[in-house]
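Asks: Below is one structure. I have some questions about it.
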Amino acid sequence: MLIEKLEDWNRRPADLASVNLLKKVLLGDPEYFRIEHAINNHMVGADGSLNSVDTQLAQKEWNGLKAAYEKVGIETAVLPSNPELPDSCFTANPSMVIPLPLGGKEVWLAKMAHPSRQREVPLHKEFFQKLGFPLRTMPKEVTRFEGCGDGILHPGRFCLHAGVGTRTSRKAWETIADAYPEMDILLYELIHPDFYHLDTALAPLNEDVAFFVPEAFHPDGIQFIEAAFPRAIALNREESMRFAGNAHCPDQKHVFMESGCPLAASKLPALGMEAVTLETGEFRKSGGSVFCLKQSF
């Protein structure tokens, strides 16, 4: 069910059905990654001109991310690059994989808000069809739904943190709530243009811990985060803008995150977790970092 305010949330994640963690990641080859036009604040410099990507450095950073996942035992799959789809390396957005309480998984295909990214969705459809995943699609009245950019699973529980803003509409979450009556779906209105997707401002690390960007949320959203994650870690402005809130923890131990965020990283050892710091500077020029570059499945 959809929940908009803390006083209407009578349960907590520990009360909900358990689900398996998603232990594989889908990456997108960045061979043709480039910035052709601005669809978020991060894609332009101070003078308003488009950022320029160093393609060789981007490939090196992406190779480092792939190797880091594999080093800790996370299996990777790769979508081929397409010269007509320069953003297809950001695999978090064109789909969302939902693990179910009794086992199994379902894939929801996105409705991308910007035409330049809409042709990425068939790539995800083909990939998951080949694996035999059940596919779900949004009805016609849903005009925008950007997958795991705005839909973030609560680790190990049948609970979803759902962003509403310029990229995903409330109607999309109503559709998913109808499909899964036993799932708690917490709605967050995104209020800051620098944090245009929920995954730029909220990074669950385990059932109790998450990084979050306070300025991205109304007070109602912060109340949800602090209730859902009793040991939530608020990020400062500098590290938020380096996309510390776009971290990913696939195994509740290793936290894959952008380098240059020492304060956030320093909080992890006391929580039994380890920071795996990565360079994603070329991708941050386009508004994404670690979480944006993978789709868990």
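Asks: Please specify each residue of the stretch 75-89 satisfying the condition of being among the polar types (S, T, N, Q) and not in a loop (DSSP other than H, G, I, E, B).
Replies: Matches in the stretch 75-89: T76 only.
Asks: Of the conditions (1) within 30 Å of Y180 (Cα to Cα); (2) surrounded by 13 or more Cβ atoms within 10 Å (Cβ to Cβ); (3) without any contact (Cβ under 8 Å) to a residue 60 or more places away in the chain, L22 satisfies every one except a single condition; which number is it?
Replies: Condition (3) is where L22 drops out.
Asks: Filtering the stretch 129-168 down to residues that are free of Cβ contacts under 8 Å to residues at least 12 places away in the same chain and not in a loop (DSSP other than H, G, I, E, B), which residue is nearest to A179 (Cα to Cα)?
Replies: Applying the filter and picking the extreme gives Q129.
Asks: Here is a list of conditions, (1) polar (S, T, N, Q); (2) out of contact with any helix residue (DSSP H, G or I) (no Cβ under 6 Å at 6 or more places or on another chain); (3) farther than 30 Å from D220 by Cβ, and T76 meets all of them except one; can you say which number that is?
Replies: (2)
Asks: A further question follows. Small (G, A, S), in contact (Cβ under 8 Å) with a residue 60 or more places away in the chain, closer than 25 Å to A265 by Cα and in contact with a Pro (Cβ under 7 Å, 6 or more places away or on another chain), is that true of A203?
Replies: No: the conditions fail for A203.
Asks: Within the stretch 90-119, count every residue that is aliphatic (A, V, I, L, M), crowded, with 19+ Cβ neighbours inside 10 Å and part of a loop (DSSP other than H, G, I, E, B).
Replies: The total comes to 4.
Asks: Next up: Can you pull out the residues in the stretch 193-223 that are touching a strand residue (DSSP E or B) at 6+ places or on another chain (Cβ under 8 Å) and farther than 20 Å from L6 by Cα?
Replies: Y196, H197, D199, L205
Asks: Given the criteria touching a residue at least 40 places away in the same chain (Cβ under 8 Å), among the polar types (S, T, N, Q) and touching a His at 6+ places or on another chain (Cβ under 8 Å), does S240 qualify?
Replies: no
Asks: Going residue by residue through the stretch 195-205, is there one that turns out to be farther than 26 Å from P86 by Cα and either modelled with pLDDT under 95 or of a type outside the set (G, A, S) (or both)?
Replies: Yes, because at least one residue in the stretch 195-205 is farther than 26 Å from P86 by Cα and either modelled with pLDDT under 95 or of a type outside the set (G, A, S) (or both).
Asks: Would you mind finding the one in D178, D220 that is in contact with a Lys or Arg (Cβ under 7 Å, 6 or more places away or on another chain) and either part of a loop (DSSP other than H, G, I, E, B) or at negative phi (or both)?
Replies: Among D178, D220, only D220 is in contact with a Lys or Arg (Cβ under 7 Å, 6 or more places away or on another chain) and either part of a loop (DSSP other than H, G, I, E, B) or at negative phi (or both).
Asks: Moving on. Within the stretch 193-212, can one find any residue that is over 18 Å from the mean Cα position of the chain (by Cα) and outside any loop (DSSP other than H, G, I, E, B)?
Replies: There is no residue in the stretch 193-212 that is over 18 Å from the mean Cα position of the chain (by Cα) and outside any loop (DSSP other than H, G, I, E, B).
Asks: Taking the stretch 201-218, which residues are within 19 Å of R170 (Cβ to Cβ) and buried (at least 24 other Cβ atoms within 10 Å of the Cβ)?
Replies: A201, L202, A216
Asks: Could you list, in sequence order, the residues of the stretch 155-200 that are hydroxyl-bearing (S, T, Y) and surrounded by 23 or more Cβ atoms within 10 Å (Cβ to Cβ)?
Replies: Passing the criteria: T168, Y188, Y196, T200.
Asks: Can you pull out the residues in the stretch 140-176 that are within 16 Å of F229 (Cα to Cα), in contact with a Phe, Trp or Tyr (Cβ under 9 Å, 6 or more places away or on another chain) and of a type in the set (A, V, I, L, M)?
Replies: I152, L160, A162
The values are calculated or read from the model by the stated rules, or taken from the named source; none is laboratory data. This is a predicted model, so every value here is computed, not measured. FYI the Cβ positions are ideal-geometry reconstructions off the backbone, even for glycines, and counts take in every protein chain you see.
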